[in-house]
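None of the figures in this text is laboratory data; all of them are computed from the coordinates on show. Note that the structure is a prediction, hence the values are computed from the model and not measured. All Cβ positions, even for glycine, are placed from backbone atoms using ideal geometry, and neighbour counts span all protein chains on display.
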Amino acid sequence: MIHKLAIAAVLLCASVVPVFAEPATDTAAADQPKTASAEVNSTTGADSEMPELVVELGIPDKSKESASKPAAAKPSVKKSSAAMSKSIDKEIAQSNRFSRLTREALSCRGLPYTWGGDSRMGFDCSGFTQYLYEKRGIKLPHSAKLQFKKGAPVAKGDLKEGDLVFFNTRGPITHVGMYIGNGKFIHAANPRRGVVISSLDDAYYTRCYAGARRYV
């Protein structure tokens, strides 16, 4: 009887040991992948993979792009200031020449009229304008008719300081003077009056007016 009980106990132990051993083996096997996965997550993590994913997919990093992108250059505006300045300087120089010419003409006011005269000792009309323009380096003939044939025609409404004005006093183109602005001109009028200033609006000169010329 005792012998049978001993055999039964041995058999019972043999059947119980595998039942408890297997869960332990399965549990260790199941835990092993979890441990490996935990190690991977602890070293890399989801956030640490984001930059690599961005690079691999070619998604631009806007912060880096804006920093590296050069600022758009402002279009250069080319100014013709040099040409404008040159033109203005030319006009000023020309105006200064006319002013000097006008001052010279006004300084002759009251000088005597002399037939054929072309100096401050005495002038006739064309000798006076010839004298003035010689001061500007322009040579004009000593004749109202010949002076009228030179230069560029100028309309009466476009007269500028320094233009010569011509008149038909005793026939075609027999008198000349120099315009000084404001409808006035200076000329060697006659032996009685000498070098004087007159107005183009005077009835006599309005009636005799023949035209104007510019020599520039």
Q: Provide the net charge surrounding Asp158, with neighbours chosen by a C-beta distance below 13 Å and charges set as Lys +1, Arg +1, Asp -1, Glu -1.
A: +2
Q: Before anything else, pin down the relative contact order of region 99-216: Cα pairs under 8 Å, at least 6 apart, normalised by residue count, whole percent.
A: 29
**Q.** Charge context of Phe123, other residues only, Cβ under 15 angstrom, K/R +1, D/E -1
**A.** +1
Q.
Quick check for region 94-216: number of Lys pairs with alpha-carbon distance under 14 Å, counting only pairs 8 or more apart or on different chains?
A. 4
Q | Inter-probe distance in nm under a simple model that places probes 7 Å from Cα toward Cβ, at Ala210 and Lys149 | A | 1.2
Q) Once you list every other residue whose beta carbon is under 11 Å from the beta carbon of Cys208, what net charge do they have if Lys and Arg are +1 and Asp and Glu are -1? A) +1
